[in-house]
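Step one of this worksheet: look at the structure below.
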Amino acid sequence: MEVTAQPLVARGRGSSIWGWRLRDQLILLAAWGAGIALCLIAGAIVIYMGVRGFQFLRPDLLVTHPQAGVDQNGAGGFLDPLVGTAVLTLIGIAIALPLGVCAAAWIVEYGQGGRARQTLARLVESSIEIVAGTPDIVIAIFGLAVFQLGLLGPLSSRSESGVVTGHSFIAAGATMSLIALPPLFAATREGLQAVPVQVREAAFALGKTRIATIRRVLIPSVRSSIATGTTLGISRIVGDTAIVIVVLAEGAPRNEPVGSMPILDSLRGTGSALTSFVYGNSPAGEGNSPTKAYAAAFVLLLFILVLNGIVGLIARAHVRSSGFDAGAGQL
Amino acid sequence: MDRTQIAPPIKAPLASLPAQTPPSRLARGRVDGGPLLARLRRPWSDRLANLALGTTSLLTCLTVGAMVALVAVRAWPTLTHNGLAWLGSGGEVDRQIEGMVATSNHPSASAYHVRAWPLLYGTLLSTGLALAVAVPFSLLSSIFIVEFAPKLVRKVISLLVRLLASVPSVIYGLVGIMVLVPFVGNHLVTIPEKRSLIGTVELTGASVGVAALILAVMITPIMVALISDALAAVPNAWREGALALGVHKLRATLAVSLRAIRPAIVAATALACARALGEAVMISMVSGSTSFAPNISHGPLTFLAEPVRTFASSIVDNHEGFGGAPALDSTLYSFALLLLFSAIVLSIGAYLIKLPLRRYQAVR
C-alpha cells in the first residue's frame with residue numbers, strides 16, 4: 001500500500017529546479033535575467049522619451065515653422081519636418097507599393113513555370129534580400145549618385161553655381177522606396193503563399209485566367225498582408241535618418257521650393273523630416289536645442305508606436321476573419 | 001503540385017466575354033473612363049500580364065545591379081590611386097579627408113591619398129564589441145521566451161522586441177548623446193584618466209563603449225526574432241525524446257534544440273553583424289566622431305571610453321561635402337562600396353549557412 005502512494009513517474013534529479021546542477025541554475029537565472037532586462041530596456045526607452053516629450057512638447061510646436069535662432073524657446077516649431085516626413089512617406093510608398101506587390105505576385109503566380117522563370121524568380125528574390133541587408137547609408141548615397149546624373153537633373157535642386165546637387169523631396173522619396181520595398185514584398189509574398197491552392201483551382205475551374213485570378217481573387221484575399229507590409233514600409237521610411245540627411249540635405253530646417261510653381265517646385269526643393277530635425281537639433285547637429293529634439297523625437301516615437309499597433313491590429317483582425325494566417329506578424 | 005498544370009486548358013468563354021463586346025459600351029457607362037482606362041479594365045491576356053509583372057520584378061534586379069555598379073564606378077578613382085594601401089595605416093584619416101574638401105575639380109593623384117585603417121579598426125571594434133554583448137544576451141532571452149516564459153510574459157516580450165526593432169536609430173542616438181554620454185563623461189571617466197590622455201584625445205564620454213552598448217541594444221531584437229523563431233520550430237518530439245531520457249528542460253534545450261538551430265544562430269549573427277557595420281547615424285552621434293584608434297594599453301576602462309569613427313559614420317559626418325570635390329566624393333563612395341560588399345557577403349553567407357536547416361522540414 002505504501003508503494004502506490006508514490007507518484008507513477010519517479011521524481012528524478014531533473015524534476016525540480018533545486019535538484020539541478022549549479023551551472024544549470026545559473027544559466028536559467030541568466031535567461032530570466034536577459035528576458036527581464038529586454039523588457040526593462042524597451043520600457044525605459046519608451047518611458048524616458050514619454051516623460052521628456054510631455055515635458056517639452058507644446059502644441060504650438062506642431063504648427064509653427066522652424067526658425068534659425070539662438071533662443072531655444074522662441075525659435076519656432078517643426079511644422080516643416082512633419083510635412084516633409086509625410087511627403088517622403090507618400091512618395092516612397094507610391095513607388096514601393098506597386099513594385100512590391102507586382103514582384104510578389106509575379107514570383108508566386110508566374111515564377112514557378114519553366115527553368116528560366118525559376119532562375120529569374122530566384123534572382124529577384126535574392127536581389128530584394130540584398131536590398132534588405134544593405135545599410136541605409138549606402139542606399140542613401142546610391143540615391144544621391146543616381147539623382148546627380150545629368151539626365152535626372154530637373155528632379156532636384158541646383159547649387160548656386162548651377163551644379164545638380166541631387167537634393168530634393170523626389171530624390172529622397174524615391175530612395176526611400178528602396179527601404180520600404182523589402183517588408184512590402186515579403187509580406188505580400190507570404191500572404192500569397194498562404195492562400196490555399198484550392199482557391200486558385202476554383203478560379204481556374206470557373207474559366208478565369210491567371211491574371212484575372214490574381215486581380216479578382218488573390219489580391220483581395222491578401223489585402224491584409226499588403227496592408228501589413230505597407231505599414232512596416234511606412235515605419236521604415238518614417239524612422240530613417242541617413243537618407244534624409246544625405247539626400248534631402250539636413251542643413252535646411254525649412255522646406256524650400258526651388259521655384260514658384262506650387263507643388264512641383266516644392267517637391268524639387270530641399271527640406272527636412274522629423275528624423276533629420278532630431279539629428280540637427282541634438283548636440284551632434286548644428287541647431288543644438290535638445291528640448292526641441294526631444295519633442296520631435298517624442299512625436300516620431302508616437303508615430304512608430306501607432307504604426308506598430310496598426311500592424312498588430314491588422315494581424316489580429318485577419319486571423320479572426322479568415323481561416324489561414326497570411327504571414328502578417330513578421331518584423 | 002505544379003500550378004502550371006492547373007492553368008485553364010481552354011480559352012474560357014466567361015473571361016473573354018467582355019473582350020468581345022465593343023469597347024465603347026464598356027467605356028460609356030463610366031464617367032472617368034477614357035479609352036486607355038477602358039482598355040486597362042478589360043481582362044488582360046496572361047501573356048501580357050506575365051510580361052508586365054515580370055518586367056516590374058526585373059526592375060528590382062536592375063536597381064541592385066545599378067547600385068553596385070554606380071557605387072563601384074564612383075569609388076574607382078580612390079581605389080586605383082591608393083591600391084591596397086587604402087586600408088593600411090599612415091597619417092590621420094580625418095585630416096586627409098578634410099584636406100580633400102579644398103582639392104580642385106580635376107584632382108591630381110595625390111589628392112586621393114587616404115589611409116583608412118583607423119576607420120576599419122573602429123568599425124570592426126564597435127561591431128565586435130556589440131556582437132560580444134548581443135549574441136549571448138539574445139541567446140539567453142530567446143531561450144527564456146520560447147522555453148520558460150509564462151504565456152502572458154511571452155506575449156509582452158515579443159511585443160517589446162518588435163518595438164525595439166522599429167525604434168529609429170536617431171532616437172537611440174538621442175538617448176545616447178543626452179543620457180549615456182554625459183553619464184560616462186562625468187561619472188565613469190575619472191579626472192586622472194582624462195589628464196593622462198591630454199594632448200592625445202579628449203575623453204568626453206562619447207566613446208566606443210557607449211556606441212557598442214547602444215548598437216547591442218539595436219541588434220538584439222533582430223537576433224532574438226530570428227533565433228526564437230528557429231527555436232520554436234524545433235520539432236517537439238526531439239525535445240520530448242531528450243526529456244524522456246531523463247534530463248531536465250534546460251539541458252534538453254541546450255543539448256538538443258540549441259544544437260539543432262546552430263546554423264540559424266550563425267545566420268542571425270551574420271545579419272546582425274551586417275546591420276551593425278552599416279549603422280551610421282547613431283554612431284555618428286555618440287562615438288565622438290574622431291578617427292582615434294582606441295588603445296587597449298591605456299587600460300580596459302579608458303579603452304572603452306575613447307572615441308572612435310566608423311566607415312558609415314564618417315559618410316554621415318562628411319555628407320555636406322558631397323558634390324564639392326571629386327576626391328572627397330570618391331573616398332566616401334569607396335567606404336560605401338566596402339560596406340555594400342560586406343553586407344552582400346554577409347547576407348549570402350547567412351543564406352548558405354541556413355541551407356542545411358531546410359532538410360528538417362519543421363525548422364525553417
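The values are calculated or read from the model by the stated rules, or taken from the named source; none is laboratory data. All values derive from a computational prediction rather than experimental measurement. Note: ideal-geometry Cβ built from the backbone for every residue, glycine included; neighbour counts use all protein chains shown.
Quick one: would you say A:VAL108 is crowded, with 21+ Cβ neighbours inside 10 Å and hydrophobic (A, V, I, L, M, F, W, C)?
Yes.
Give the residues of the stretch A:107-128 that are of a type in the set (S, T, N, Q), facing chain B (nearest Cβ under 7 Å) and assigned to a helix (DSSP H, G or I), sorted by residue number.
A:SER127
Scan the stretch B:156-208 residue by residue and report those that are over 25 Å from A:LEU301 (Cα atoms) and either modelled with pLDDT of 90 or more or under 20 Å from the mean Cα position of the chain (by Cα) (or both).
B:VAL208
Would you list the helices (runs of 4 or more DSSP H) that sit entirely within the stretch B:251-341 and hold 2 or more residues that are closer than 30 Å to A:LEU29 by Cβ and within 24 Å of the chain's Cα centre (by Cα)?
Of the helices (runs of 4 or more DSSP H) lying wholly inside the stretch B:251-341, those with at least 2 residues that are closer than 30 Å to A:LEU29 by Cβ and within 24 Å of the chain's Cα centre (by Cα) span B:262-278.
Mind listing whichever residues of the stretch A:203-223 are part of a helix (DSSP H, G or I) and in contact with a Leu (Cβ under 7 Å, 6 or more places away or on another chain)?
A:LEU218, the sole residue that qualifies.
Of the residues B:LEU203, B:LEU243, only one is touching a Lys or Arg at 6+ places or on another chain (Cβ under 9 Å), hydrophobic (A, V, I, L, M, F, W, C) and surrounded by fewer than 18 Cβ atoms within 10 Å (Cβ to Cβ); which?
One residue alone meets the criteria, B:LEU243.
Could we say that B:PHE292 is among the aromatic types (Phe, Trp, Tyr), under 19 Å from B:ILE214 (Cβ atoms) and crowded, with 18+ Cβ neighbours inside 10 Å here?
Considered against the rule, which asks whether it is among the aromatic types (Phe, Trp, Tyr), under 19 Å from B:ILE214 (Cβ atoms) and crowded, with 18+ Cβ neighbours inside 10 Å, B:PHE292 comes out as yes.
Could you go through the stretch B:217-238 and let me know if any residue there is out of contact with any helix residue (DSSP H, G or I) (no Cβ under 7 Å at 6 or more places or on another chain), assigned to a loop (DSSP other than H, G, I, E, B) and not aromatic (Phe, Trp, Tyr).
Yes: one or more hits.
Would you check which residues across the stretch B:162-205 are among the hydrophobic types (A, V, I, L, M, F, W, C), over 19 Å from A:TYR279 (Cα atoms) and more than 7 Å from chain A (Cβ to nearest Cβ) and list them?
Correct list: B:PHE183, B:VAL184, B:LEU188, B:VAL189, B:ILE191, B:LEU197, B:ILE198, B:VAL201, B:LEU203.
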